[in-house]
1. Relative contact order of the range 1-119, please, whole-number percent, based on alpha carbon pairs below 8 angstrom and at least 6 residues apart.
2. From the helices alone, meaning DSSP H stretches of at least four residues, give me the mean residue ellipticity at 222 nm for the chain, per-run term -39500 (n - 2.57), in deg cm²/dmol to the nearest 500.
3. Taking neighbour counts of Cβ atoms within 10 Å as a proxy for exposure, in what order, fewest first, do 11, 18 appear?
4. Take the Cα atoms of the range 4-221, find their three principal axes, and give me the spread along each one in whole Å, biggest first.
5. Exposure proxy check: 183, 147, 160 ranked by fewest other beta carbons within 10 Å?
6. Using the count of nearby Cβ atoms within 10 Å as a rough guide to exposure, how do 215, 99, 88 rank from fewest to most?
7. Return the whole-Å distance between the Cα centroid of the range 34-71 and the Cα centroid of the range 153-220.
8. Restricting to the chain, compute how many DSSP beta bridges are antiparallel as a %, nearest 5.
């Protein structure tokens, strides 16, 4: 059986809602919407957008924790993690979101030890202000976390790579992996780009599909079709 590594997005994929969006809706000072518009229009990258938005958050550490304690993950994700471990398919979370938030939320499920690549959230000065750094950025990439670099690292030992994601931050990485379990906007990207994928609504679907991917049958079903050569004679 071919070895596989799994790279999994967090916001909107593992988590039920986007964490940074929920924080901005509750604690964001004026100006974060303009940054969002600039990012959606392609005028700035996600790293610049997120850094500016995090600087506009007005909240205490206690308010942050209280908010995160009310956010939930896909109910089938813990079972998916267990099944992936049984099948010897390591999972790494790759996120353009916030490391502290991801650890805090997953900690409630006993899953905060999963390897993680994400932006780093830290308290700023004065109190109630916050700052963002991006330890997993790459030169030439405008994202906070370069998921393409994460794909390259996952493939470096010769393993195949599965991406599980839902949105624009996953588009570039989807072009570089062997297979995609896609939600939401990522479905249309994979369809348009001819990327081998299956649509999922959540981790119940992923749980059912994973053994078929690892034994090769799912990949064979979705391999690009090669048309027979046309003879000139």
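1. Relative contact order for the range 1-119 comes out at 36 percent.
2. Counting only the DSSP helices, I get -11000 deg cm²/dmol.
3. In order of increasing Cβ crowding within 10 Å: 18, 11.
4. Sorted from largest, the Cα extents of the range 4-221 read 55, 37, 29 Å.
5. 160, 183, 147
6. Ranking 215, 99, 88 by Cβ neighbours within 10 Å, fewest first, gives 88, 215, 99.
7. 27 Å
8. Looking only at bridges with both residues in the chain, the antiparallel portion is about 25 percent.
Bear in mind that the values in this text are calculations on the coordinates, not laboratory data. Every value quoted in this text rests on a predicted model; they were computed, and no experiment measured them. Heads up, the Cβs are rebuilt from the backbone with ideal geometry, glycines too, and the neighbour counts pull from every protein chain shown.
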